[in-house]
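These notes are about the structure you will find just below.
The values are calculated or read from the model by the stated rules, or taken from the named source; none is laboratory data. All values reported here derive from a predicted model rather than from experimental measurement. Cβ atoms come from the backbone with ideal geometry, glycine included; neighbour counts cover every protein chain shown.
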Amino acid sequence: MLVVCAATAASAQPVVQLSSWQPDQSGTGVRFEALTPLDETDPIQMQDEVANGAFEYAIDTSQIKWVTDCSCFRHYVILVRTRATGRVSRHKFRALPSGSFEDQYAEITMAIRDSSNSGSVQIALPVASAPGLEPKPLLFFRHEKPSAEAGPQRVSLGGTTRFQLTLKNVAKHTIVVVPSEIVVRPDPADLLLGAAASMRDAAPLTLAPDKTATINLELRPDTWRAIETSFVPIESDKPHGSLEVDVPYANPVFGNRTGNALTSVPLRFRPSILTLLGALVLGTLLGSLIPLLGAKRARVLTWSRATGTAIVVAIILELVGIFLVANNSKFVLFSFNLDPWQTLPVLLLGIANGLLGFEAAKKLKFIHEKGGDS
């Protein structure tokens with residue numbers, strides 16, 4: 001179907017026609033309606049010409065935006081110079097989309113004629129479905145983590161944790177612009193003292209179709225708030241909080257066609273190795289003190305060996321637990337599923353080994369208990 005931009009014979013302006021675009025037989029597509037043409041007085045650099053050379057033309061899509069009143073995108077502007085007269089006319093069109101389809105450039109037939117000449121040419125015009133009918137977001141997040149490490153993002157209880165997200169333009173035909181800075185929001189809000197997101201290139205960032213950009217995130221937790229949140233043991237695949245990352249974006253061709261790419265990153269706090277070792281030793285020492293209550297002097301003298309043995313056994317159990325959890329197994333102690341990377345379970349593991357310290361030392365022949373030692 002052709003849309004005719006009407007012109008009177010008196011005006012001597014050429015008539016410009018744009019064909020409709022329909023990618024399939026479902027009725028999805030774009031229909032172009034012409035508005036009243038005007039003479040153009042400003043000098044224009046023409047881009048191309050029709051096959052017979054009778055008309056030159058230029059296409060201006062810098063003014064396109066969605067208008068709710070007409071449920072259309074306007075304005076597509078075609079500037080035409082008639083070679084015979086040198087006259088330049090401005091032809092505006094509005095596009096009325098139907099159905100849902102990806103933002104793209106569509107092949108349109110443009111026909112131009114006047115009283116003495118005519119010609120046609122294939123041109124590429126940007127088309128888009130109405131706001132809200134986009135088939136999918138233009139930007140997509142994915143975590144830069146190996147599958148073996150799937151689960152909540154690990155965050156150190158102290159200091160700064162750095163990790164990355166990948167932002168991909170999933171559109172096949174359209175560039176996407178990230179016009180402003182990325183917003184990050186922790187949940188709970190008081191979980192972090194600082195959270196920042198940055199990209200290698202400053203905004204506005206332009207992403208070509210099917211291209212990616214790396215987002216660098218830096219998190220600095222409120223240590224005491226993080227300890228309070230993570231102190232009670234929960235299963236190793238459960239998060240202690242989350243971080244929402246919000247990236248605004250726009251299709252630069254359509255003036256007010258904007259959106260937001262959102263992702264929620266689950267966070268799980270993890271103490272350092274030194275912190276875990278300290279908790280393990282402290283727990284073992286505390287547990288080893290309990291058997292001393294009411295013990296005879298000879299047994300008190302064996303306490304250092306028993307405690308040393310308990311610490312060694314606790315470290316071995318902790319390493320075994322870390323290895324098992326890293327390979328998608330469960331670390332179970334007294335029927336409880338524990339995370340060997342959390343402070344309280346490690347403290348309890350140390351206490352349990354401290355309580356059994358004397359027995360472990362005797363089994364390993366580190367101490368020999370005489371008849372009067374018990």
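Worth pointing out:
- When residues in the range 188-204 are screened for being assigned to a strand (DSSP E or B), modelled with pLDDT of 85 or more and surrounded by 13 or more Cβ atoms within 10 Å (Cβ to Cβ), 6 of them pass.
- THR41 vs. criteria farther than 23 Å from ALA128 by Cα, of a type in the set (S, T, N, Q) and surrounded by fewer than 19 Cβ atoms within 10 Å (Cβ to Cβ): yes
- Looking across the range 181-203, the residues that are among the acidic types (Asp, Glu) and either outside the structural domain of GLN164 (by TED's automatic domain parsing) or under 21 Å from ILE227 (Cα atoms) (or both) come down to ASP187, ASP190.
- Verdict on ILE59 being of a type outside the set (Phe, Trp, Tyr), on the phi < 0 side of the Ramachandran plot and buried (at least 19 other Cβ atoms within 10 Å of the Cβ): no
- A search for C-beta distances below 6 Å between a residue of the range 44-59 that is more than 12 Å from SER120 (Cβ to Cβ) and any residue that is assigned to a loop (DSSP other than H, G, I, E, B) and among the hydrophobic types (A, V, I, L, M, F, W, C), counting only pairs 6+ apart in sequence or on different chains, returns GLU56/MET46; ALA58/ILE44; ALA58/MET46.
- Residue ID - farthest from LYS136 (Cα to Cα), chosen from residues in the range 162-182 that are crowded, with 16+ Cβ neighbours inside 10 Å and of a type outside the set (A, V, I, L, M): PHE163
- Residues of the range 95-119 that are among the charged types (D, E, K, R), farther than 21 Å from HIS173 by Cα and in a strand (DSSP E or B): ARG113 alone.
For (1) over 31 Å from the mean Cα position of the chain (by Cα); (2) surrounded by 14 or more Cβ atoms within 10 Å (Cβ to Cβ); (3) at pLDDT 95 or above, each residue gets a yes or a no:
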| position | (1), (2), (3) |
| --- | --- |
| GLN45 | yes, no, no |
| ASN52 | yes, no, no |
| ARG83 | yes, yes, no |
| PHE93 | yes, yes, yes |
| ASP103 | no, yes, no |
| ALA106 | no, yes, no |
| GLY119 | yes, yes, no |
| ALA128 | no, yes, no |
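- Per-region count, the range 28-43, residues modelled with pLDDT of 85 or more and either more than 18 Å from SER120 (Cβ to Cβ) or part of a loop (DSSP other than H, G, I, E, B) (or both): 11
- In the range 205-229, the residues that are touching a residue at least 40 places away in the same chain (Cβ under 8 Å) and outside any strand (DSSP E or B): PRO209, ASP210, LYS211, THR223, ALA226, ILE227, THR229
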